[in-house]
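Following: one structure in C-alpha cells, then a few remarks.
The values are calculated or read from the model by the stated rules, or taken from the named source; none is laboratory data. All values reported here derive from a predicted model rather than from experimental measurement. Here the Cβ is made from the backbone with ideal geometry for all residues, glycine too, and neighbour counts use every protein chain on show. Note: accessible area is taken over every heavy atom of the protein model, side chains too, but ligands, DNA and RNA are not part of it. Shrake-Rupley method; radii C 1.70, N 1.55, O 1.52, S 1.80 Å.
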Amino acid sequence: MISSHENYDSSPKFAQTADDADPLRKFRGHFQFPDKFNNLEPVYLTGNSLGLMPKNARRYVEQELDDWAKYAVEGHTNAKHPWLPYHEFVTEPMARVVGAKPIETVVMNSLTVNLHLLMVSFYRPTSDRFKIVIEKGAFPSDRYAVESQLKFHGYGNTGLVELAPRDGEATLRTEDIVGAIDRDGDSIALILLGGVNYYTGQAFEMKAITEVGHRNGCVVGFDCAHAAGNLELKLHDWDVDFAAWCSYKYLNAGPGGIAGIFVHERHARSFELPRFAGWWGHDKETRFLMGPNFVPLEGAEGWQISNPPILQLAALRASLEIFDEATMPALRAKSEKLTGFLAFLLNQLSDERISIITPNDPEQRGCQLSIRMRNSDKSLFDSITSRGVFADWREPGVIRVAPVPLYNTFDDVYRFVAILESCLEKR
Ligand SMILES: Cc1ncc(COP(=O)(O)O)c(C=O)c1O
C-alpha cells in the first residue's frame, strides 16, 4: 500500500491500486452498507456519526433473543454467553482499543451520563481551585454537562474557561492550550477536552495536555467520542485521569449503543472519592446478599450503577471482535493514508467556495475532514446527498466527511470527490 508520504495522484487507477494493496480490505465485507437509493450506490462517509452495522451484530443479538426465549430468567447464568458477567466479555477488547488496562475500562450507560458520573468523582472544586477548562466549540452536550456541574457546586459561568483559537484560525494550537493552563493553573480543578473535536476534526495532543494539567495540579479528562476507534489512544500511558466515549460512531455498536469509560489505575482504589452508587458497582461476591452497605468494586467497574443492556452489549461484542482482528495500529496506518488522499483530492479542486478547517498535519486529525462552505451555503451538501453521498452538515457551515479504515476504500474517497466536483461545476 502507498506510504503516507508517497505522492498521491488523482487518477481512478491510483485509488484502485491502493485498494488492491490494502491489507485491511476484507473488513469492508464484514459490514452492512445502506441500500441504494435512486439506483445510486451509496458513498458512506459518516462513520463519525453512526458506524455501519457489523454483519455479525444481527446473529449476536439474535443469540441473546433466542436465549431469552429459551431460558428466560435462567439466561443470567445459563445463556450461551451468560448475562450476569456479559459486560466483562467486552472489557478487554475495549481496553485494547483505547490503550487501557482492563481494570481501567468498563462499558455502561451513555456518554453524557458517564461524563456526569465521572465529574461527580473527579470534579472536586475548592474555593481557590474550581474552574473547568473546555474547548470553545465543544460538543454542546459536554458544555451543558460542565455548566450544570458548575451550577450544582454553586459556581456560575465564572468557573467555565473556554479555550478559543486565535483570531482568523479555526483550530487551537497546542502551545496556546499549554500556555492557558500554565497561566491559570492554580484555579483550574478540571480540564475536560474532546480527544477529537466533533466540528473541526482536530485531534488534541492528549499526552501534552495531560502533562501540563498534572504539572499544575489539575485533573485531566477527555471526551473520546470522536477518538475511540479512530486514533491510536494510549490513555494509560498518557496518564489521563478519566475518559468517556460512545460506541455508536467509530465503534459500530449501533444507535444509542452502550458507552465506555476509562478511570486510570491509580484511582482504582480511590474509594474516598464521592461517587453515585448502584448495585452493579458493588462487590460481585456479595452483590446478591442484598446487604445495605455499598462496597465498590475496584477499578472502572466500581462506577457502574445498573445492570447493562445485553442486546446492546451483543452488538458491541460483534464490532470489537473485528477491531481485535484488524488492530488499531493497522487501522490508524490506513486511516492516515485514506484521509491524506481525501485532503489531496480536495486541495486539487482548489475551489474558493470550500476550505478544509481540519489541521493538515496527520498527527492532529483522525479520519474526519471538515469542509467549511463559504457563506455557510448548505446547497452543495444537499446536492451531494441527492447523489448518494452520506456526509453530514453541522451548523453553522461545515460538511463533515470521514473515511473509516475498517470499511471505506480509496475508491469511496475518489467517488466522493468526483461527485463533489461535478456538483460544484453545476453551480
Ligand atoms: C463529542 C460528543 N460528546 C457527547 C455526545 C453526546 O452523546 P450521548 O448522546 O451519547 O450522550 C456526542 C454525540 O454525538 C459527541 O459527539
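Annotation note: GluC sites (Glu not before Pro) in region 336-378 located in DSSP loop regions with a Cβ neighbour count of at most 14 within 10 Å are E352. Each Cα pair under 8 Å and six or more residues apart adds its sequence gap; the mean of these over the residue count of the chain is a relative contact order of 24 percent.
Extension gain for the segment A21 to D182, taken as residue separation times 0.36 nm less the Cα-Cα distance, is 53.3 nm to one decimal.
What FRET efficiency comes out for K136 versus T327 if R0 is 35 angstrom and r is the Cβ-Cβ distance? Round to the nearest 0.05. Numbers along the way, then the final one.
Numbers: r = 35 Å, r/R0 = 0.99.
Rounded to the nearest 0.05, the efficiency is 0.50.
Ranked by solvent-accessible area (1.4 Å probe, protein heavy atoms only, all chains present), the residues I419, I399 order from largest to smallest as I419, I399. The modelled label-to-label distance between L65 and T126, using points 7 Å beyond Cα along the C-beta direction, is 5.5 nm. The share of accessible area on region 129-241 that comes from carbon and sulfur is 48 percent, using a 1.4 angstrom probe. The stretch between F344 and L273 holds 20.7 nm of extra length on full extension. This uses 0.36 nm per residue minus the Cα-Cα distance. Comparing L311, H264, L118 along the charge dipole axis of region 62-324, the residue lying farthest to the positive side is L118, per the Cβ-charge model.
To the nearest Å, what is the center-to-center distance of region 308-377 and region 75-123, using C-alpha atoms only? That distance is 25 Å.
List the GluC sites (Glu not before Pro) within region 25-106 that fall in a DSSP loop (any state other than H, G, I, E or B) and whose Cβ has at most 11 other Cβ atoms within 10 Å. Answer by residue number: there is no such site.
Counting other C-beta atoms within 10 Å, and keeping those with at most 10, which DSSP coil trypsin sites (Lys or Arg not before Pro) do you find in region 166-248?
R166
Scanning the chain for chymotrypsin sites (Phe, Trp or Tyr not before Pro) lying in DSSP loops with no more than 16 further Cβ atoms inside 10 Å, the longest uninterrupted stretch between such sites is 1-270. In Å², and per residue, what accessible area does region 62-324 have when probed at 1.4 Å with the other protein chains present? Per residue, region 62-324 has an accessible area of 41 Å².
Per-atom-type breakdown for region 300-348 gives carbon and sulfur 52% of the accessible area (1.4 Å probe, protein chains only). Between T126, T105, T91, which gets the highest mean-square fluctuation from a Gaussian network model of the chain, Cα cutoff 10 Å? In this elastic network of the chain, the residue with the biggest mean-square fluctuation among T126, T105, T91 is T126. Build a GNM of the chain with springs between Cα atoms under 10 Å apart, and of A100, A72, A343 the one that fluctuates most is A72. For region 62-324, lysine pairs separated by 8 or more sequence positions, or belonging to different chains, with Cα-Cα distances below 14 Å total 4. For a quick check, take a GNM of the chain with Cα springs below 10 Å and name the residue from D184, D142, D411 with the largest mean-square fluctuation. Result: D184 has the largest fluctuation of those listed.
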